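The values are calculated or read from the model by the stated rules, or taken from the named source; none is laboratory data. Bear in mind the structure is a predicted one, so any value in this text is a computation, not a measurement. Cβ coordinates were reconstructed from backbone atoms using ideal geometry, including for glycine residues, and neighbour counts include every protein chain displayed.
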Amino acid sequence: MAGPDGGDGGHGAHVMFKASHNVKDLRNILTQIRGSDGVNGRNKDCHGKNADHEIIEVPVGTIIRNNKGVIVGDLSREDLMFVAARGGAGGKGNHFFLSETNQAPKICQRGAVGEHIEYVLEVKSMAHIGLIGFPNAGKSTLLRAISRASPKIAPYPFTTLKPQLGTVEYDDYEQITVADLPGLIPDSHKNKGLGIQFLKHAERCLALIFVVDISLPKPWKTISTLQFELSQFSEDLAKRPKIIIANKVDILENKENIDILRQETEMKVIPLSAKLGTNVREFLSEIRKIYDENKEIEE
């Protein structure tokens, strides 16, 4: 007899991903995440409470792809958020339908169903400079020589199974992050070896450093293979600034390999011994130049 007094239902929670430096990987992400329901409306015009959004922290650098493989979210900076699935809107109580022509509505509206969507999450390295090359080229040793990073070093392929990051700090307090990326092998773009995992990490780097074992026969063929793998995976990746580190000059019997390598490529070649520290200062100076020329892209 008092008339319609049904309150509206509360909205369901959105599911959102938030970039945070507090987490380093995706191991704690559930395969199925569900937002909470809103609270039902009640009589006496009591509206239901909206559900608190489900916010999941993911590492900075997380890429979000839909089920077709298309990138739909790129959480490249701290606190960036991506709405993965929207919660359903709350239904309307009978009081909502009150009008001059309908003083006693006997209808209400059921709340909407929230979105059901599938995604694939990936974390890409956030380094400025990426060290790439064949297994055992000396990338991990080089990273140790220029930073405080402690990557695993051993004389067998694929010692590095995931990117190892090190930070180089210059006299003006500028910091450049360098990544030792998993070893590349022929047909990596076809997902052989660590394949696609490696190349996806390389996509994040402003510039790439080819690390070559100069003591091997015909090391210039390594450069051709690296260039080919990059171009097959991404034309944009193949166009990134690059230099060549001719590593292991401490065990090189003659300098002929270095001279031929310089003739075979247009890229700058720096002879270096990561083990003994030979020419490491020149290398650090060169990557600083590359960083200064390309840091606006990052920003």
- Message: Can you list the helices (runs of 4 or more DSSP H) lying wholly within the stretch 211-299 that have 2 or more residues being of a type outside the set (Lys, Arg) and at pLDDT below 85?
- Response: 220-233, 235-238, 280-298
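Residues checked against (1) under 26 Å from Gly111 (Cβ atoms); (2) out of contact with any Asp or Glu (no Cβ under 9 Å at 6 or more places or on another chain); (3) assigned to a loop (DSSP other than H, G, I, E, B):
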{"site": "Gly12", "(1), (2), (3)": "yes, no, yes"}
{"site": "Phe17", "(1), (2), (3)": "yes, no, no"}
{"site": "Asp25", "(1), (2), (3)": "no, yes, yes"}
{"site": "Gln32", "(1), (2), (3)": "yes, yes, yes"}
{"site": "Gly35", "(1), (2), (3)": "yes, no, yes"}
{"site": "Val39", "(1), (2), (3)": "yes, yes, yes"}
{"site": "Lys44", "(1), (2), (3)": "yes, no, yes"}
{"site": "Lys49", "(1), (2), (3)": "yes, yes, yes"}
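Select, from Ile64, Ile56, the only residue that is farther than 20 Å from Ala127 by Cα and modelled with pLDDT of 90 or more.
After ruling out the rest, the residue left standing is Ile56.
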- Note on the structure: Listed by first then second residue, the pairs whose first member lies in the stretch 156-171 and is closer than 19 Å to Gly130 by Cβ and crowded, with 18+ Cβ neighbours inside 10 Å, whose partner is of a type in the set (Gly, Ala, Ser) and modelled with pLDDT under 75, with beta carbons under 7 Å and at least 6 positions apart or on separate chains, are Thr160/Gly183; Pro163/Ser125; Gln164/Ala149; Gly166/Ala149
- Message: Taking the condition of being crowded, with 17+ Cβ neighbours inside 10 Å, at pLDDT 90 or above and outside any strand (DSSP E or B), how many residues in the stretch 67-91 meet it?
- Response: 4
- Yes/no for Glu100 being in contact with a strand residue (DSSP E or B) (Cβ under 8 Å, 6 or more places away or on another chain), surrounded by fewer than 19 Cβ atoms within 10 Å (Cβ to Cβ) and not assigned by TED's automatic domain parsing to the domain that holds Leu165: no
